[in-house]
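Shown next, in structure tokens, is the structure this report addresses.
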Amino acid sequence: MDQMRQVFSVDVLERYAAKGRGVITCMSAGNDVIVLGTSKGWLIRHDFGAGDSFDIDLSVGRPGEQSIHRVFVDPGGSHCIATIVGSGGAETFYTHAKWSKPRILSKLKGLLVNTVAWNRQQITEASTKEIILGTDNGQLHEMAVDEKDKREKYIKFLFELNELPEAIMGLQMETASLSNGTRYYVMAVTPTRLYSFTGFGTLETVFAGYLDRAVHFMELPGEIPNSELHFFIEQRRAVHFAWLSGAGIYHGGLNFGAQLSSPNGDQNFVENKALLSYSKLSEGAEAVKPSSMAVSEFHFLLLMGNKVKVVNRISEQIIEELRFDQTSDSISRGVIGLCSDATAGVFYAYDQNSIFQVSVNDEGRDMWKVYLDMKEYAAALANCRDPLQRDQVYLVQAEAAFTCKDFLRAASFYAKINYILSFEEITLKFISVSEQDALRTFLLRKLDNLAKDDKCQITMISTWATELYLDKINRLLLEDDTALENRSSEYQSIIKEFRAFLSDCKDVLDEATTMKLLESYGRVEELVFFASLKEQHEIVIHYYIQQGEAKKALEVLRKPAVPIDLQYKFAPDLIMLDAYETVESWMTTNNLNPRKLIPAMMRYSSEPHAKNETHEVIKYLEFCVHRLHNEDPGVHNLLLSLYAKQEDDSALLRFLQCKFGKGRENGPDFFYDPKYALRLCLKEKRMRACVHIYSMMSMHEEAVALALQVDPELAMAEADKVEDDEDLRKKLWLMVAKHVIEQEKGTKRENIRKAIAFLKETDGLLKIEDILPFFPDFALIDDFKEAICSSLEDYNKQIEQLKQEMNDATHGADNIRNDISALTQRYAVIDRDEECGACRRKILTAGGEYRMAQSYTSVGPMAPFYVFPCGHAFHAQCLIAHVTRCTNETQAEYILDLQKQLTLLGSEARKGSNGVTTEESITSMTPTDKLRSQLDDAIASECPFCGDLMIREISLPFIAPEEAQQVASWEIKPHNLGNQRSLSLPV
């Protein structure tokens, strides 16, 4: 594999890392912090994050040669534990990144610490929380350190391997805070065994539980230079583990959500366990066991001699070999070991003098191929980086299924391929093997995977799938009947599936094309189903009508989305199919125009119906007329025509007598056409109805004439309806009388008696002389003697009454004459001191200014005057002036005009008589007297102080509008205050 494609690469990090303080014996890393242990007892710390380093001498005060045995750094790079070995035994130290001096852990004196398990979930820079130390004599100790205390909080003994005392070479710990406490999971390895411990509470209680029960372990015998245990950490959680054992690399996944119990009752979180034998790494040569190991996400890094073999954990294949650029003085000893910085995601290798950095470059990029080669397709897809990689995985699955003739499964995989195979290539594969079902499945899956923007392709594929569905249905129908039951089940299933497909694709299928397809294959039910989906209601309704399903058709019509015009279009077919349901539907449908349903109702009405059958059209029309108050003449005419055709005319007569406009202002009494109604009733011989229509049209003579043919009583009733025209009423009664007389078939005298009895029914409207012309000429007068005498007596009574009225009138006229004569003799007594009501001067005072010889005859020197019964008296001129002023303008002009005419006539009379007044001139009625009489009526009909004139004056204002000047004179205006003089008033 070329350099550009290498996953792992090695670079020298530091050549002389020991700084002359011996050679490197051990190394640990965490969070870009590297701590080295040297053969002279020194710790050398490199902090690449902070960019500094410092050295710590642990051998101070210890005799002889001292060497660092192991060094451990936590994932955060803050806490460090180191074990030093010398002639004085083993000592363990703890130091913090902020400390300048390490702290010896006295309780661990003499114990050789081989491994440390950090509490990754809870550890902080300030505190280690609980950590576990594993010793060379098979013991486990718990310790915790708080940085601020400058010493350990405690060190407790936890556990010791008694069954097979071996050195503990590797330790790892996982914790989780759950609702019922903290759960611990600890894994430890010795050269031959892997132990696991789990429990709740504290570490002390967890390990105390193993005093009574056996420890769960895995034993793999075999020699190995250094047994190691590694967890791969992802987001501070262990995902999988690897144990470098004598038999091989034992590895597996860690799933802490699993609830798998081991035989001894412990929870086992290990899954997918496997053992990688070293023989697979030697390529036929003698197996070489690694001296150290590191674990990445997908690979093992195995140190073998002076090179690192990178082995894929999944495929167990060596993918790369890494070589180190060592100095000449380090080659003899070789590379000592590997370590990893899980936090920084970097691996390190070290020899006696140098540190090497092993970098990872996208190690998961080819994992999809690895999983694909192993036929782990789900994992392969999960690790694909682009659509082309996914297409290759789908292609392998599809071709494998196709080879096994699992065509339906192959179709599902082929449908997911978008790039490396064309749509045409895939479809031809299925067509070549005549697999229509698989082809249909492929098309359906392809539809699911297409983007919504590919509208054209979606429509084409959907149409093709539709045809394949129809072909499948036809083939099922043409199969032999040998397996009828199975075929029926499959047929029903495919029909159901096809309808679901139509429902899903209704928006992408071309409507016209799909309907033609369904029609060409004779799938009428599916055609109706699709038409219903596409809201092609006309097709659906037409189908239901053909099937005789009136109820279903009406249900479709009642849907809000269905145009109202379809109600009218299908009304003729529906009412013939099921009149009752159709009419019921009409009556519950709003905004239906009954006029547009008339053709359908007429078609239904033209068909013969049983006598006792409810006429549905009449029911609907009555609903429209009485409930909906329909005023359409067409509707009323149709209902009238249907009533006219019934044998019983009672409904017709009720309809004609009903006043439909009642309750509406100026509303008509009926809305049907009376002329049409008359023609119809004459045609159907509904004579009573005709009589009613004639009467309604004020054709009373025709009504009576027709009624006489049906029922004389009806004719009499019609004749009585005329009340405002006495002549016409008499004429109608004469028609009735003539008919009655002509129709009587008894003896002559009996006929005459009945005729005379008939006269009594007319309430005196007809006399015997009115009906005499209707009798034959040879009738004897004796037969009418009584009637004639009775009539003459009536006339005599009338004559006597007229005479009496004339006498009363003559007597009244005489009385009137007497009253007039008496009135001329009336007089009134006036006191000589009586004053005029207007001018307050005495009435009887003589004065030239009061004389009115022009129009009145003065008695001596007195002026003319009026005296009223109430006692008020007025000079004639004063009265005229007062009334003229107080009355309206028209009346005032009338009075003044009369006065003017009297003045003119008075002058002429004076000239003609030369001032001599004779008795004849006084008594005779001259034009002057007429004018004077009219003037008297105008001004003296009532006293101006006691009559209506005074009452009307109450509402008049005190100041008239024309007296504006008078009003202005009363206005108070301010004067110049400076010109005023002050007057002193005496008190």
Q. Looking at (1) surrounded by fewer than 18 Cβ atoms within 10 Å (Cβ to Cβ); (2) in contact (Cβ under 8 Å) with a residue 60 or more places away in the chain; (3) within 30 Å of residue 346 (Cβ to Cβ), which is the one condition that is false for residue 235?
A. (2)
**Q.** Pick from segment 789-845, criterion at pLDDT below 80 and among the acidic types (Asp, Glu), ranking: most open to solvent (accessible area, probe 1.4 Å)
**A.** 793
Q: For segment 958-987, name all the residues that are small (Gly, Ala, Ser), assigned to a helix (DSSP H, G or I) and at pLDDT below 75.
A: 978
Q: Give just the number: which of (1) open to solvent by 70 Å² or more (accessible area, probe 1.4 Å); (2) free of Cβ contacts under 8 Å to residues at least 12 places away in the same chain; (3) part of a loop (DSSP other than H, G, I, E, B) does residue 460 not satisfy?
A: (3)
Q) Of all residues in segment 308-332 being within 18 Å of residue 12 (Cβ to Cβ), in a loop (DSSP other than H, G, I, E, B) and in contact (Cβ under 8 Å) with a residue 40 or more places away in the chain, which is most open to solvent (accessible area, probe 1.4 Å)? A) 325
(Q) Condition check: free of Cβ contacts under 8 Å to residues at least 60 places away in the same chain, over 27 Å from residue 6 (Cβ atoms) and out of contact with any Gly (no Cβ under 6 Å at 6 or more places or on another chain). Does residue 388 satisfy that? (A) no
Q. Which pairs have Cβ atoms under 8 Å, sit 6 or more apart or on different chains, and link a residue in segment 359-378 that is open to solvent by 40 Å² or more (accessible area, probe 1.4 Å) to one that is in a helix (DSSP H, G or I)?
A. 369/380; 377/371; 377/393; 377/396; 377/397
Q) Which is under 19 Å from residue 906 (Cβ atoms), modelled with pLDDT under 85 and either surrounded by fewer than 19 Cβ atoms within 10 Å (Cβ to Cβ) or in contact with a strand residue (DSSP E or B) (Cβ under 8 Å, 6 or more places away or on another chain) (or both), of 869, 861? A) 861
Q: Go through the residues of segment 14-34 one by one and say whether even a single one is surrounded by fewer than 17 Cβ atoms within 10 Å (Cβ to Cβ) and part of a strand (DSSP E or B).
A: no
Q: Filter segment 419-434 for residues that are surrounded by 17 or more Cβ atoms within 10 Å (Cβ to Cβ) and either closer than 22 Å to residue 377 by Cβ or among the aliphatic types (A, V, I, L, M) (or both) and give the result.
A: 426, 429, 430
Q.
One residue is enough: does segment 285-298 have a residue meeting the conditions of a type in the set (Asp, Glu), touching a Gly at 6+ places or on another chain (Cβ under 7 Å) and modelled with pLDDT under 90?
A. no
**Q.** Residue in segment 81-119 that is most open to solvent (accessible area, probe 1.4 Å), counting only those that are assigned to a loop (DSSP other than H, G, I, E, B) and farther than 21 Å from residue 149 by Cα
**A.** 87
Q) Filter segment 277-307 for residues that are in contact with a Ser or Thr (Cβ under 9 Å, 6 or more places away or on another chain) and open to solvent by less than 40 Å² (accessible area, probe 1.4 Å); which is farthest from residue 367 (Cα to Cα)? A) 304
Q) Which condition number does residue 405 fail, the rest of (1) within 30 Å of residue 372 (Cα to Cα); (2) open to solvent by 80 Å² or more (accessible area, probe 1.4 Å); (3) without any contact (Cβ under 8 Å) to a residue 12 or more places away in the chain; (4) in contact with a helix residue (DSSP H, G or I) (Cβ under 8 Å, 6 or more places away or on another chain) being met? A) (4)
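Picking from 920, 908, 942, 953, which residue would you name as being of a type outside the set (Gly, Ala, Ser), out of contact with any Lys or Arg (no Cβ under 7 Å at 6 or more places or on another chain), under 29 Å from residue 871 (Cα atoms) and modelled with pLDDT under 85?
953
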Q: Evaluate the following for residue 47: is it surrounded by fewer than 17 Cβ atoms within 10 Å (Cβ to Cβ) and closer than 19 Å to residue 81 by Cβ?
A: yes
Q. Taking segment 147-163, which residues are in contact with a Lys or Arg (Cβ under 8 Å, 6 or more places away or on another chain) and assigned to a loop (DSSP other than H, G, I, E, B)?
A. 150
Q: State the number of residues belonging to segment 120-146 that are open to solvent by 20 Å² or more (accessible area, probe 1.4 Å), touching an Asp or Glu at 6+ places or on another chain (Cβ under 7 Å) and in a strand (DSSP E or B).
A: 1
Q.
Restricting to segment 214-232, and then to whatever is charged (D, E, K, R) and touching a Gly at 6+ places or on another chain (Cβ under 7 Å), can you tell me which residue is most open to solvent (accessible area, probe 1.4 Å)?
A. 223
Q) Looking only at segment 498-525, which residues are more than 31 Å from the chain's Cα centre (by Cα) and not aliphatic (A, V, I, L, M)? A) 498, 513, 514, 516, 519, 520, 521, 522, 523, 525
Q) Within the bounds of segment 834-843, is there any residue that is within 24 Å of residue 943 (Cβ to Cβ) and in a strand (DSSP E or B)? A) yes
(Q) Among the residues of segment 164-190, what is the count of those that are out of contact with any Phe, Trp or Tyr (no Cβ under 7 Å at 6 or more places or on another chain), farther than 19 Å from residue 200 by Cβ and either touching a residue at least 40 places away in the same chain (Cβ under 8 Å) or assigned to a strand (DSSP E or B) (or both)? (A) 6
**Q.** In segment 7-42, the residues that are of a type in the set (S, T, N, Q) and free of Cβ contacts under 8 Å to residues at least 60 places away in the same chain
**A.** 38, 39
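The values are calculated or read from the model by the stated rules, or taken from the named source; none is laboratory data. What you see is a predicted model, and the numbers here were worked out from it, not measured in a lab. As a convention, Cβ positions derive from the backbone with ideal geometry for all residues, glycine included, and neighbour counts pool all protein chains shown. Please note that ligands, DNA and RNA were not included when accessible areas were found on the heavy atoms of the full protein model with its side chains. Shrake-Rupley method; radii C 1.70, N 1.55, O 1.52, S 1.80 Å.
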